[in-house]
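A short write-up of the structure that comes next.
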Amino acid sequence: MKGAVPIQDAMASDTEPSNTIKLLHLLFLSTSWGMQVWVTFVAGFVMSRHLPRHTFGSIQREFFPYYFHISSTCAFLNLTLFAMSHPSERLGKEHMTQTMEIHARLKETHKHPNCSEPGGLGEERNPPEQRGAQGGLHSLQTITFLVCIAASVLNTQWFGQVASDTVAQLQLAERSHGLGQEVGPAASEPRRRLRASSPSYRQLARSFALHHALSSLCNLLCIVCNGLSLQQLAAQLSAL
């Protein structure tokens, strides 16, 4: 007589995300992280050292809104796909499945007391410790995505926007004094003299420095969060 289909196999389609979901999750995560690394550690440094300062600032003011919106959108989609693949009720389903399997094996043991089947009660497929560890990783991953979303939204709606608006005001003040076409380290000394002689410019420069630092911190936080998420995905790969 053909044996019954294991309950876990019957429920595989309910708990295992489809290949499409996996592909989309990896695509959004890798796109966001790669873009953040390139913009932060490559494009910014190269442009700041080879372009006139006002040209570099104008490019950033036009580019950063797209950059921040793409980052926040990818973070939201990553969390959505992860939540779809790991619903909160899964732990209850797995617990119910394990309980039903144990009862079924107990009945088989009573019917065939001399039968020692591999994977019996002493070899539970997913012991409670393993399920608890998986639940902890899922919670950590969810928190990571939430932090990434919060940092991206703060940059999109506040820090990045205020920094861009302040740059526009700084450029107007600098043009009135014939500044803005300096390239590289030569740009610092004229601005230092202008800050010393103009209180309004000095106040704008301080506001920009504050919001730029907060924006950079949020950006680095997103890079770290996406890097941790990629590390978790890599740890689950069985082969390349």
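What ranking do Ile21, Ile70, Ile223, Ile143 get, fewest neighbouring Cβ atoms within 10 angstrom at the top?
The order, fewest Cβ neighbours first, is Ile143, Ile21, Ile70, Ile223.
Going by Cα centres, region 189-236 and region 141-176 are how many Å apart?
Between the Cα centre of region 189-236 and that of region 141-176, the gap is 9 Å.
Bear in mind these aren't lab numbers, they're just calculated from the coordinates by the rules spelled out. Values in this document were obtained by computation on a predicted structure and should not be read as measured data. With ideal geometry, Cβ positions are generated from the backbone for all residues, glycine too; neighbour counts draw on all protein chains shown.
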